Amino acid sequence: MIEIAGIYKKYGNKSVLENVNLTVGNGSVFGLVGINGAGKSTLLRLAAGVLRPDEGSILVDGEPVYENEGAKRKIFFLPDDPYYTPNISGKGLADMYRAFYDFDAEAYGEYLERFKLSPRVPIRNFSKGMKRQVFVSLALAIRPEYLLLDEAFDGLDPLARLLFKRGLADLVADKKSAVIISSHSLRELEDISDSYGLLDHRTITCSG
C-alpha cells in the first residue's frame, strides 16, 4: 500500500502541492488526472522517492520511501521523458536495470517482439512512440509491486496502448501490484483504472 499524507512541495517560492492525501492499495489501478502543470509528475516523483517532500509523509508498506533502498526496490517509476545514455540499446537498458531489479528477460523479449522492436538497435534511433514502447516493455518485465507511470500512453498508437493495458491488467491480476497512472485525459484511463483522483489547485480535489 502507498500512503500519502499531508504532502506539501515547493520549487523555490512556487507552491506545487498543498496538503495532498492519497491511499492506493495493492491489486488496483489508480488514475491520477490533471491538466498539464497540475503537479502530477512532482507527486509521482515524491511517491517514487526521487524527491523529498517539504512537509508530510509517503509510506510504502508502512516504510518511508525517501532514501530507503528496500522500499525503492518495490517501485518502478516511468517518467514522461525517461533517461537513457546516447548509445544504449534495448538489451543494454535491460542489463542496466537488472542490477537493481528482479527481471524477467523472457517477458521483456516477448514484449519487444510484440512491439516489433529490435533489442540491438540504439534507442536514440527510435521514434518517441517506439522509445515509450521499450520502456513500457521494461516496466512490465520488471513486474514491480508498485508501478508509477507518468503520461504512460503518450506517443503510443492504438495497438500499442491495447497491448500495454493488457500487460497492466495481467500484472495486477497475477502479482496484485498497485499501479498509479497519470494523464491529462480521463478518457485514456477510464477503461483501465478502478479508482481515480483529480489533482487541481495543488491538491486532490475529488476522488472515487
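The values are calculated or read from the model by the stated rules, or taken from the named source; none is laboratory data. Model, not experiment: these values are computed from the prediction. Cβ: placed from backbone, ideal geometry, glycine included. Neighbour counts: every protein chain shown. Surface accessibility is based on the protein's heavy atoms, side chains included, excluding ligands, DNA and RNA. Shrake-Rupley method; radii C 1.70, N 1.55, O 1.52, S 1.80 Å.
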Scan of region 40-52 for residues that are open to solvent by less than 30 Å² (accessible area, probe 1.4 Å) and more than 25 Å from residue 174 (Cα to Cα), ordered by number
40, 42, 43, 46, 49
Confirm whether residue 6 is surrounded by fewer than 14 Cβ atoms within 10 Å (Cβ to Cβ), at pLDDT below 95 and not in a loop (DSSP other than H, G, I, E, B).
no
Filtered residues of region 60-84 (kept if closer than 22 Å to residue 98 by Cβ, open to solvent by 30 Å² or more (accessible area, probe 1.4 Å) and in a strand (DSSP E or B)):
77
Can you confirm whether region 40-59 contains a residue that is part of a strand (DSSP E or B) and at pLDDT below 95?
no
The strands (runs of 3 or more DSSP E) lying entirely within region 143-202 that contain at least 1 residues which are closer than 17 Å to residue 133 by Cβ and open to solvent by less than 30 Å² (accessible area, probe 1.4 Å) are 146-150, 178-183
Of the conditions (1) in a helix (DSSP H, G or I); (2) touching a Lys or Arg at 6+ places or on another chain (Cβ under 8 Å); (3) surrounded by fewer than 19 Cβ atoms within 10 Å (Cβ to Cβ), residue 119 clears all except one; give me its number.
(1)
Here are the criteria: (1) within 24 Å of residue 178 (Cα to Cα); (2) at pLDDT below 90; (3) among the basic types (Lys, Arg). Tell me which single one residue 128 does not satisfy.
(1)
Quick check on my filter: what residues within region 16-39 are under 23 Å from residue 168 (Cα atoms) and either part of a helix (DSSP H, G or I) or free of Cβ contacts under 8 Å to residues at least 40 places away in the same chain (or both)?
23
How about region 117-135: which of its residues are within 15 Å of residue 103 (Cβ to Cβ) and either in contact with a helix residue (DSSP H, G or I) (Cβ under 6 Å, 6 or more places away or on another chain) or among the charged types (D, E, K, R) (or both)?
119, 134
Please go through region 160-176 and pick out each residue that is out of contact with any helix residue (DSSP H, G or I) (no Cβ under 9 Å at 6 or more places or on another chain) and more than 17 Å from residue 27 (Cα to Cα).
162
Out of region 85-106, which residues are open to solvent by less than 80 Å² (accessible area, probe 1.4 Å) and closer than 24 Å to residue 70 by Cβ?
93, 94, 95, 97, 100, 101, 103, 104, 105
